[in-house]
Amino acid sequence: MTDDDVAIAAYGLRKAYGDKTVLDGIDLAVPAGSVFSLLGPNGAGKTTAVKILSTLITADGGEARIGGHDIAAEPQAVRAAIGVTGQFSAVDGLITGEENMLLMADLHHLSKREGRRVAADLLERFDLTEAAGKPAATYSGGMKRRLDIAMTLVGGPRIIFLDEPTTGLDPRSRHNMWQIIRGLVSDGVTVFLTTQYLEEADQLADRIAVLNDGAIAAQGSADELKRLVPGGHVRLRFTDPDAYRTAARTLGHVTADDEALALQIPSDGSQRALRAILDRLDSAGIEADELTVHTPDLDDVFFALTGPAAATHDQPKENAR
């Protein structure tokens, strides 16, 4: 990727509080117009990473560029290019949704006329027009979160940081938020997402990094991460007992289920591994009646990389490019 293609780049970021190392030299590269998700257990350093990249706190070491701007040398330019929605809502419950939006417009030095136009457009986009005149304290959790993100977008940022944006939301509100995030990305916005919901990262993220004990344990697409964890397999089911037995002899190293006439073959789920199995079946003139590919899910990846054995378990790693 060229510099123009990378919205967020970090190299060797370090941060410690006293003798507690929170970030221990992390490298990240987030392509423009994509969703990047940072996963990790509580205390792993996710929020610290967001605070450093959004210039809220300074790093002890390393460097980072956001939208082409150095976070240490050009913090004002970085702040002009980004929007941040933190774990805790920035909504003022004592004023209306519209007044919250207009307050943000004032902070971005928009004219009164432009501020009202932007506020009205965003309130409509986030389905808050009907509630715009009501105190934000009367909003549901999902409505407050939508208003929070709408306020973040008042300045038209091309890069936004969402720090656990769906925490505490019910499933319907969470899915609505996912649609909002997908809409932002379709408009070319880059989203840096931290979350504890693995399904959320699986659904939204183009790339995922797993942070553990201040270091990146692994990163890649969801499918790439799932292939890091043992347990993937291909399952073949037959209706012809003779074909079943011949396939078992041909493939070898399989787990056989004689009752179901099914074979389970260890596999990383890749196209190459699947093709190798099918080529061996074709060479023997065998055709399975049903083929399914099973790969570990992100829960398996998360526990393998952040569980008690993660510190000593030799996990393959993919460095940020």
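Has region 64-84 got any residue that is within 24 Å of Ala217 (Cα to Cα), at pLDDT below 95, touching a strand residue (DSSP E or B) at 6+ places or on another chain (Cβ under 8 Å) and in a helix (DSSP H, G or I)? Reasoning before the result, please.
Residues of region 64-84 that are within 24 Å of Ala217 (Cα to Cα), as a first pass: 64-66.
Adding the requirement that they be at pLDDT below 95 leaves none.
Checking region 64-84: not a single residue is within 24 Å of Ala217 (Cα to Cα), at pLDDT below 95, touching a strand residue (DSSP E or B) at 6+ places or on another chain (Cβ under 8 Å) and in a helix (DSSP H, G or I).
Those residues that are assigned to a loop (DSSP other than H, G, I, E, B) and over 32 Å from the mean Cα position of the chain (by Cα), I need them from region 243-285; list them, please.
Taking region 243-285 first, the residues assigned to a loop (DSSP other than H, G, I, E, B) are 252-254, 258-261, 267-270, 284-285.
Across region 243-285, the qualifying residues are Gly252, His253, Val254, Asp258, Glu259, Ala260, Leu261, Ala284, Gly285.
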Name the pairs whose Cβ atoms lie under 8 Å apart, with the first residue in region 246-257 and in contact (Cβ under 8 Å) with a residue 24 or more places away in the chain, the second surrounded by 13 or more Cβ atoms within 10 Å (Cβ to Cβ) and among the aromatic types (Phe, Trp, Tyr), and 6 or more positions between them or separate chains? Ala247/Phe238
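One line per residue, one yes/no per condition, for (1) outside the structural domain of Ile180 (by TED's automatic domain parsing); (2) within 24 Å of Gln179 (Cα to Cα); (3) touching a residue at least 12 places away in the same chain (Cβ under 8 Å):
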site: Ala77; (1), (2), (3): no, no, no
site: Gly83; (1), (2), (3): no, yes, yes
site: Glu98; (1), (2), (3): yes, yes, yes
site: His108; (1), (2), (3): yes, no, yes
site: Lys112; (1), (2), (3): yes, no, no
site: Val118; (1), (2), (3): yes, yes, yes
site: Leu122; (1), (2), (3): yes, yes, yes
site: Ala132; (1), (2), (3): yes, yes, yes
Could you count how many residues in region 118-148 are more than 20 Å from Asp106 (Cβ to Cβ), of a type in the set (A, V, I, L, M, F, W, C) and not in a loop (DSSP other than H, G, I, E, B)? 2
Of (1) modelled with pLDDT under 95; (2) under 16 Å from the mean Cα position of the chain (by Cα); (3) of a type in the set (A, V, I, L, M), Ile8 satisfies all except one. Which? (1)
Going by the conditions given, is Asp3 surrounded by fewer than 16 Cβ atoms within 10 Å (Cβ to Cβ) and at pLDDT 90 or above? no
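The values are calculated or read from the model by the stated rules, or taken from the named source; none is laboratory data. What you see is a predicted model, and the numbers here were worked out from it, not measured in a lab. Here Cβ is always computed from backbone atoms with ideal geometry, including for glycine, and neighbour counts include all displayed protein chains.
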